[in-house]
Amino acid sequence: MTDSTTARRIATAARRLLDKEGTEAVTMRRVAKAVGITPMAVYRHYPNRAGLLNALADKGFEELAARLAGKRLSGPMEERLTKMAEIYLDHALQNPRLFELMFLKPREGARRYPRDFKAGDSPTANLVAKVVREGIESGYFGEDDAWEIVFEIGALSHGLIMLYLGGRTGMTPARFRAHYRRAFRRFIHGICN
C-alpha cells in the first residue's frame, strides 16, 4: 500500500466521521481506528487535526468549484447568479456538516476576506466574481467592487442556509428553496443599474 493510498483512506474515514457526527468526531484516534492504523500513522500524512480538517474543507471547496464550473451558465445575469446560488444550496443540503466546516467553523489557514479573495485564492468565489464582473462590465450592475458583491452574496447564502440547517425556520425544504431563490432575486435587483 502506498502512502498516497493511506492518505486517501485517512481522508475518506475522516469525511465519513464528519458527515455522520460533525467536526468534533474527527479526532486522530477515531480516524486511525476507522482506517485500522495507529494514531501516530495518521500524523505521517497530516501534521495535526487542524491539517486534517483543512484537507477535508479544501476537498469540499474542490467539489463545490467543480459543480459550479461544470454547470453551463448562460442566460440573463439574474438567472446565472441564481443558478450558482442554488448549486451552493444543493451542496450545503447534501453535505451539511462539510458545508459548516467549509464556511463557519474557525480553521487555521481558512481563506479570509478581502485579502485571499482579491488575490484569487478562493476556487468558488473566483467563479462567482467572474459572473459579477461580467455584470458590471455589461452595465447590468452599476460600477462597484465586484469582490464586495461576491462577499455579500456569500453572506446571504451562508446565512440563510445555516438558519435553515440550524432548525431556525419552520419551512419545508421546498418552501425554503423558494424563499432562498426570492432572497437572491431581491438582492440582485437591489444592485442592478
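Rounded, prolate or oblate for the stretch 76-163? Axes are the square roots of the Cα gyration tensor eigenvalues, ordered a ≥ b ≥ c, and the cut-off for rounded is a/c under 1.5.
Because a/c hits 1.5 or more and a/b fails to exceed b/c, the stretch 76-163 counts as oblate.
Between the stretch 1-79 and the stretch 110-184, what is the C-alpha centre distance in whole Å? Going from one Cα centre to the other spans 24 Å. Ellipsoid fit via the Cα gyration tensor, the stretch 1-103: semi-axes of 32, 14, 9 Å, each the root of five times an eigenvalue, largest first.
The HN-Hα couplings worked out from phi for the stretch 37-49 by the Karplus form 6.51 cos²θ - 1.76 cosθ + 1.60 (θ = phi - 60°) are 10, 7, x, 5, 5, 4, 5, 5, 10, 9, x, 5, 4 Hz, whole numbers, x standing for Gly and Pro.
Sorted from longest to shortest, the spans of the Cα atoms of the chain along the three principal axes equal 59, 39, 27 Å.
Taking Cα atoms only, the orientation of helix 173-191 departs from the longest principal axis of the chain by about 50 degrees.
Label zone of T12 (point 7 Å out along Cα→Cβ, amide N under 12 Å): in the stretch 32-58 this covers 35-36. In terms of overall dimensions, the C-alpha atoms belonging to the stretch 64-126 reach 38, 28, 17 Å along their principal axes, ordered largest to smallest.
Can you give me the % of accessible surface on the stretch 56-172 that is carbon or sulfur? Probe 1.4 Å, all protein chains present, nothing else counted. C and S atoms contribute 50 percent here.
Pairs of alpha-carbon atoms within less than 8 angstrom and 6+ residues apart define the contacts here; what relative contact order does the stretch 94-190 have, in percent?
Working: 34 pairs, mean separation 20.4, N = 97.
So the answer I get is 21 percent.
Scattering from the C-alpha atoms of the stretch 150-193 alone, worked out with Debye: what is log10 I(q)/I(0) at q = 0.13, 0.25, 0.30 1/Å? With one equal scatterer per Cα and no solvent, log10 I(q)/I(0) is -0.29, -0.89, -1.10. Across every direction, the projection of the convex hull enclosing the Cα atoms of the stretch 10-65 has a mean area of 3.4 nm². Under a 5 Å amide H cut-off, with hydrogens placed 1.01 Å from N, C192 pairs with nothing among residues at least 5 apart or on other chains.
The values are calculated or read from the model by the stated rules, or taken from the named source; none is laboratory data. As the structure is a prediction and not an experimental result, all values here were calculated from the model. Counting neighbours? That spans all protein chains shown, and the Cβs are built from the backbone with ideal geometry, glycine included. Only protein heavy atoms, including side chains, enter the accessible area calculation; ligands, DNA and RNA are left aside. Shrake-Rupley method; radii C 1.70, N 1.55, O 1.52, S 1.80 Å.
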